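The values are calculated or read from the model by the stated rules, or taken from the named source; none is laboratory data. Being a predicted model, the structure only gives us computed values, none of them experimental. Every residue, glycine as well, gets a Cβ built from its backbone with ideal geometry; the counts of neighbours run over all protein chains shown. Note: accessible area is taken over every heavy atom of the protein model, side chains too, but ligands, DNA and RNA are not part of it. Shrake-Rupley method; radii C 1.70, N 1.55, O 1.52, S 1.80 Å.
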Amino acid sequence: MTVWVPRDVLAAVKPFLAAEMGVEVRQNIPPDYKASDPVFLLVANDGGPMAWPVATRPTLRLTAFAAGRTEAVRVAGKAMGLLLCRRVPGIAHVAPGMSIIDDRDDKTKAFFASTTVLITLRTAAL
């Protein structure tokens, strides 16, 4: 009997974005990060529905942190565009999610811009 398991969306997307973005791609905010540090892109899995046992459909959140709003929006937009317009190894499909929102982080004083894309990721046989 085959057992189907979900695949890790971050394991598929993070290396692709790291190779294409020209900025550091992370899964967390560095504890000592401040606005004057280099821009980085945070990727996070916000979960989502499933078409079990065929695929999972997680929402991928992309958040850029930068010293200025324009740079944060540019980096988040580039990440979204790359995922929507290029073939990502291991990903079955990418669809638009939420448009870009931006604000300023009270703790770090950095600007951030965030967007989402909807990923379809085929399950794997265990």
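Residues of segment 105-116 that are in contact with a helix residue (DSSP H, G or I) (Cβ under 6 Å, 6 or more places away or on another chain) and either closer than 12 Å to Ala44 by Cβ or surrounded by fewer than 17 Cβ atoms within 10 Å (Cβ to Cβ) (or both): Thr115 alone. Condition check: touching a helix residue (DSSP H, G or I) at 6+ places or on another chain (Cβ under 7 Å) and either closer than 18 Å to Leu41 by Cβ or not polar (S, T, N, Q) (or both). Does Leu82 satisfy that? Yes; evaluated as a whole, the condition is true for this residue. Return yes when Asp102 is out of contact with any His (no Cβ under 8 Å at 6 or more places or on another chain) and open to solvent by 80 Å² or more (accessible area, probe 1.4 Å) and no when it is not. So Asp102 fails the test. Go through the residues of segment 61-79 one by one and say whether even a single one is within 27 Å of Leu126 (Cβ to Cβ), open to solvent by 40 Å² or more (accessible area, probe 1.4 Å) and touching a helix residue (DSSP H, G or I) at 6+ places or on another chain (Cβ under 7 Å). No: segment 61-79 contains no residue that is within 27 Å of Leu126 (Cβ to Cβ), open to solvent by 40 Å² or more (accessible area, probe 1.4 Å) and touching a helix residue (DSSP H, G or I) at 6+ places or on another chain (Cβ under 7 Å). The single condition among (1) surrounded by 15 or more Cβ atoms within 10 Å (Cβ to Cβ); (2) more than 12 Å from the chain's Cα centre (by Cα); (3) touching a residue at least 40 places away in the same chain (Cβ under 8 Å) that Val39 does not satisfy is (3).
Restricting to segment 14-26, give me the number of residues that are among the charged types (D, E, K, R) and either open to solvent by less than 50 Å² (accessible area, probe 1.4 Å) or not in a helix (DSSP H, G or I) (or both).
If we filter segment 14-26 for residues that are among the charged types (D, E, K, R), which is where we start, we get 14, 20, 24, 26.
Remaining after also requiring either open to solvent by less than 50 Å² (accessible area, probe 1.4 Å) or not in a helix (DSSP H, G or I) (or both): 24, 26.
Within segment 14-26, residues that are among the charged types (D, E, K, R) and either open to solvent by less than 50 Å² (accessible area, probe 1.4 Å) or not in a helix (DSSP H, G or I) (or both) number 2.
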